[in-house]
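To start, the structure itself, in structure tokens.
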Amino acid sequence: MDESASDEDLMLRYRGGDADAFALLYERHKGALYRYFVRQTRPGAVAEELFQDVWTNVIRARERYEVRARFSTWLYSLAHNRLVDHYRRNAAAVPLAQDDDPNDPILDRLPDDDIREPDNELERRRLAQRLLQALETLPETQREVFLLREESGLSLEEIASVTGINLEAAKSRLRYALAKLRRELAAEAEPRRARIQD
Amino acid sequence: MAKRKSTRDTRTDLLPGEEQLAHAYRDTAREAPPAALDAKILAQAKQAVATTVSRSNFSKRWAVPVSIAALMVLSLSVVLQVSQREVPDTYEAAPAVATAPTPQPAAPEPARKEKAQPPSETKPALTDKAHSTGSASRGPAVAQAPEMRAAGAAANDERAREAAGAPAATARSKGATDQTMTMKQLSADVTAPESQLLLNDKADVISVRVSGQPGGYEFLVGVRSPDSGCPQYADWWEIVGIDGALIYRNVLPHSHADEQPFTRAGGPVAIQPDTVVWVRAHMSNSGYGGAVFRGSIEKGFSRAPLTPDFAATLAKQPPRPPACQH
């Protein structure tokens, strides 16, 4: 199997009956897609179920697959739709709606270098753990955009396409997500810095 | 641990302050699906394309003979249906299959409001996979046999429906009716009022669709269950041989209280086209006892009576669901 083959080529090969092509495609995307669901659903068994459903849809839709966009965009469109479906069926889920206020002062913090680079391994781990916790506190829509960005590597335009919003809305949600995460991490770092200065 | 491979090196639209967070995130988020899930999905993918190749070969060899046979059966069924309309009410259904385990008294049969479909519109269970998925994919080669059988049997359906709606309908005639159910009718069951489907607090199997090839079939099983959360939920569906041996079990790790009815795929199931099996579901609190399907790949699946204590000890066999999480 040509490991340099593009995702789209692999999917076309799978459409033609090449199961090895699917295996390579799966290997490339399984981790990111799995984490996309793990970060957005509880308990873990639900993430596994949604994850499997998406791949089942990929398998079933193979005969209709055509290269109209990046494979990632298609894959995460399936994932987004399955997630929304899950939210709608789950009474406890938060609705996928978020009012973004462009005048929110939190956005002013974005360019600041208020998060110190970790000095050592322990501090690095602590920062990472705090980041994951902060991610859980984000509104659904902002968290999803952040995950699409960091896990799937989609551009803002592709994220807008996957989630059915316009480019500006996608950009706004990501800016909010980044600003809130940075605020949380900065708040975490501040007391420790203060202790060191004492 | 090795660093994760970045998938975003080509992006040019980074926002201010994004790179530092992205680096921290990628450095720590490394969860991966369980190996068992990997294996399941890869087997499913492999099975799907093997089925396509098999179906393609079958189509080339059998397209013409099957078309001729189907035409003959359809013609015959129309004749039968016309003649059956003239039969008086003393009609008695054919006996149920002799190998069925001790049948329990027939469960109340749903009132069938749908008018009987003409034979030409009936669809076999095995070819109706796209019904739930919206997929354009078609069923496997083996689906041809039940289609012909279903068409031939459809002549009895209208009368069987009338019998099913009557209180005096016997278990014997019900068994015969179930044996001749077509997929069209099974799909209709899904949309019937819940009160007519649920057998008290049990989990009912309401549809069975199959694809694949001998030794590795994928089952798509529809379940309706009175899930309310961890204390009461359908925790698996399974395929059991007529000898009571567990052939395959699809474990459901959590309640589907907000998704009723639901359909879950499982497999590969290592049976042959003529292997007769039961398809049943299990409740976490009340065990077996809901509506069950019986049949084989080559003859199709239909609802059939089964005593709740049939192979009840299987409930203690692995695989069993993990601790319910919600």
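The values are calculated or read from the model by the stated rules, or taken from the named source; none is laboratory data. Since we're looking at a predicted model, the values are computed, not measured. Positions of Cβ are backbone-derived with ideal geometry, glycine not excepted, and every protein chain shown enters the neighbour counts.
The table below gives the values:
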{"read-out": "Those helices (runs of 4 or more DSSP H) lying entirely in the range A:1-94 with at least 1 residues within 11 Å of chain B (Cβ to nearest Cβ) and farther than 30 Å from residue B:255 by Cβ", "value": "A:7-15, A:19-38, A:71-89"}
{"read-out": "The lone exception for residue B:231 - which of (1) within 17 Å of the chain's Cα centre (by Cα); (2) at pLDDT below 90; (3) surrounded by fewer than 20 Cβ atoms within 10 Å (Cβ to Cβ) it fails", "value": "(1)"}
{"read-out": "Residues located in the range B:311-326, provided they are closer than 14 Å to residue B:247 by Cβ and outside any loop (DSSP other than H, G, I, E, B)", "value": "B:314"}
{"read-out": "Search result, residues across the range A:167-185 that are touching a Phe, Trp or Tyr at 6+ places or on another chain (Cβ under 7 Å) and surrounded by fewer than 23 Cβ atoms within 10 Å (Cβ to Cβ)", "value": "A:174"}
{"read-out": "Within the range A:146-166, tally of residues that are surrounded by fewer than 24 Cβ atoms within 10 Å (Cβ to Cβ), more than 8 Å from chain B (Cβ to nearest Cβ) and part of a loop (DSSP other than H, G, I, E, B)", "value": "3"}
{"read-out": "Some residue of the range B:21-43 being modelled with pLDDT under 65, closer than 26 Å to residue A:16 by Cβ, out of contact with any helix residue (DSSP H, G or I) (no Cβ under 7 Å at 6 or more places or on another chain) and assigned to a helix (DSSP H, G or I)", "value": "no"}
{"read-out": "Which listed residue, of B:263, B:307, B:313, is of a type in the set (S, T, N, Q) and either within 16 Å of the chain's Cα centre (by Cα) or closer than 21 Å to residue B:36 by Cβ (or both)", "value": "B:263"}
{"read-out": "Those residues of the range B:252-274 which are more than 10 Å from chain A (Cβ to nearest Cβ) and in contact with a strand residue (DSSP E or B) (Cβ under 6 Å, 6 or more places away or on another chain), in sequence order", "value": "B:255, B:261, B:263, B:266, B:267, B:268, B:269, B:274"}
{"read-out": "Of the criteria (1) touching a Ser or Thr at 6+ places or on another chain (Cβ under 7 Å); (2) at pLDDT 90 or above; (3) surrounded by 18 or more Cβ atoms within 10 Å (Cβ to Cβ); (4) hydrophobic (A, V, I, L, M, F, W, C), which one residue B:242 fails", "value": "(3)"}
{"read-out": "Residue match in the range A:29-46 (condition: at pLDDT 95 or above, surrounded by fewer than 19 Cβ atoms within 10 Å (Cβ to Cβ) and farther than 20 Å from residue A:144 by Cβ)", "value": "no"}
